[in-house]
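Only one structure is covered here, and it is reproduced in the block below.
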Amino acid sequence: MHHTGLIYAFVLDGSGGARQLDWQGVRSWQHEQGPIWIHLDYSSDEARNWILTESHINEIAGEALLNEETRPRATAVGDALLLSLRGVNFNPGSDPEDMVSIRMWLTSDQVVTTRKRKLQSASDMAASLQNGNGPKTISEFLVDFSGRITSRMEALVEELEDRSAQLEEAVIDNGNAILRSELSAIRRETIMLRRYLAPQREAMIKLASATAAWLTDNDRMRLREVTDQLVRYIEDLDSIRDRASVTHEELVNRQSEQMNARMYILSLVAALFLPLGFFTGLLGINVGGIPGANNPWAFAIFIVILLVIVIFQVIFFKKKQWM
């Protein structure tokens, strides 16, 4: 059914289970049969046609369900809710921080969700319904689904924390310049994740205070718990970003100190050899009148003079605390 745009369609039985439908079942579904969840691939022409012409969904909401570019948001449309969320991308060969978008239209007895790329949370929800331990109502579906999306972020945030801590230790141990690219990668990933999660936090806060009659006080309380969990992940990302920035600064400082130490040694060597080079250059000119030219001891005497100059320089540098 996936090639037709219909990924899943389930009629909830009110006990945690569900009965799966095909397109014919979706089109013949009646409210009396029970709440329904319809999960679509919006890139399919049949799915797009059903949403726009057969679903009886608000026209503006229908366009939002098919929109390519979305940001997390929650909007009340009468007694219905239009919701857009982002989940971690666990598709093979993809970057987890390249989050997958899912759009949701919820009424008291119907949920329509649309996506283009596979979202693991939707697969988990379908499996739980098939196993008989899924949500019993639309409000429970909303709470469970948003909770699954949020919970799956935990592993990614913990991985970023571990990588940040390991790099911090590595910088303290050796300050290898190669670590700069890894630190930059962590900062880039946290920035990308936070770009999606910050508006998702606002959407969840708005969702928890939605006035839809089919949302119970208990559902709102559970939504607030999911929101608190999301806020904690965002705070963790802020902490990871700050730690990566501090670690990067420490790495730069260590590299600057190493460079300064090397330049300091080179400067000392240059200062020591500067007068020696001057005298050897002066006595090496090819003109008459060079002192000691005919004296067999002149070279030895000159070497002694140079050694005395070096010793004097060393004593002078130490007195000035330059070395």
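The values are calculated or read from the model by the stated rules, or taken from the named source; none is laboratory data. Computed from a prediction, not measured in an experiment: that's the story for all the values here. Neighbour counts are summed over all protein chains in view; Cβ atoms, including those assigned to glycine, are modelled from backbone coordinates with ideal geometry. SASA here: full protein model, heavy atoms, side chains in, ligands and nucleic acids out. Shrake-Rupley method; radii C 1.70, N 1.55, O 1.52, S 1.80 Å.
A Cβ distance below 6 Å, combined with a sequence gap of six or more or placement on separate chains, defines the contacts here; from the stretch 312-323, residues that are in contact (Cβ under 8 Å) with a residue 12 or more places away in the chain reach no residue that is open to solvent by 100 Å² or more (accessible area, probe 1.4 Å) and assigned to a helix (DSSP H, G or I).
Here's the yes/no breakdown for (1) in contact (Cβ under 8 Å) with a residue 60 or more places away in the chain; (2) in a helix (DSSP H, G or I); (3) within 25 Å of Val26 (Cα to Cα); (4) not charged (D, E, K, R):
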| site | (1), (2), (3), (4) |
| --- | --- |
| Val112 | yes, no, yes, yes |
| Ala127 | no, yes, yes, yes |
| Lys136 | yes, no, yes, no |
| Ser139 | yes, yes, yes, yes |
| Leu142 | yes, yes, yes, yes |
| Ile149 | yes, yes, no, yes |
| Glu161 | yes, yes, no, no |
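If only residues of the stretch 16-43 that are assigned to a loop (DSSP other than H, G, I, E, B) and open to solvent by less than 20 Å² (accessible area, probe 1.4 Å) are counted, the one that is nearest to Asp144 (Cα to Cα) is Gly16.
In the stretch 278-298, of all residues being assigned to a helix (DSSP H, G or I) and surrounded by 11 or more Cβ atoms within 10 Å (Cβ to Cβ), the one that is modelled with the lowest pLDDT corresponds to Leu283. Within the stretch 78-91, the set of residues being assigned to a loop (DSSP other than H, G, I, E, B) and open to solvent by less than 30 Å² (accessible area, probe 1.4 Å) comprises Val88, Asn89.
Summed over the stretch 36-80, the residues that are over 29 Å from Asp98 (Cβ atoms) and within 31 Å of the chain's Cα centre (by Cα) give a count of 1. Ala61 meets the stated requirement of being assigned to a helix (DSSP H, G or I), in contact (Cβ under 8 Å) with a residue 24 or more places away in the chain and either open to solvent by 10 Å² or more (accessible area, probe 1.4 Å) or out of contact with any Gly (no Cβ under 6 Å at 6 or more places or on another chain) (or both). Applying the selection to the stretch 249-277, what residues are open to solvent by 50 Å² or more (accessible area, probe 1.4 Å) and closer than 13 Å to Val310 by Cα? Hits for the stretch 249-277 are Val269, Ala270, Phe273, Leu274. Residue pairs, Cβ under 6 Å, 6 or more apart or interchain, first in the stretch 235-248 and farther than 23 Å from Gln200 by Cβ, second of a type in the set (D, E, K, R) and in a helix (DSSP H, G or I). List them. That search, which allows pairs on different chains as well, returns Thr247/Glu168. For Glu154, the criteria (1) open to solvent by 30 Å² or more (accessible area, probe 1.4 Å); (2) more than 21 Å from Gln120 (Cα to Cα) hold in every case but one, which is (2).
Whenever a residue of the stretch 202-226 is without any contact (Cβ under 8 Å) to a residue 24 or more places away in the chain and closer than 20 Å to Met153 by Cα, its partners that are surrounded by 14 or more Cβ atoms within 10 Å (Cβ to Cβ) and of a type in the set (D, E, K, R), lying with C-beta atoms within less than 6 angstrom and at least six residues away or across chains, give the pairs Ala208/Arg220; Ala208/Arg224. A single entry from Thr53, Thr75, Thr114 fulfils the requirement of being surrounded by fewer than 16 Cβ atoms within 10 Å (Cβ to Cβ) and not small (Gly, Ala, Ser): Thr53.
Scanning the stretch 206-234 for residues that are in a loop (DSSP other than H, G, I, E, B) and either touching a Lys or Arg at 6+ places or on another chain (Cβ under 8 Å) or hydrophobic (A, V, I, L, M, F, W, C) (or both) yields Ser209, Ala210, Ala212, Ala213, Trp214, Leu215. Within the stretch 4-15, the set of residues being open to solvent by less than 30 Å² (accessible area, probe 1.4 Å), of a type outside the set (A, V, I, L, M) and in a strand (DSSP E or B) comprises Phe10 only.
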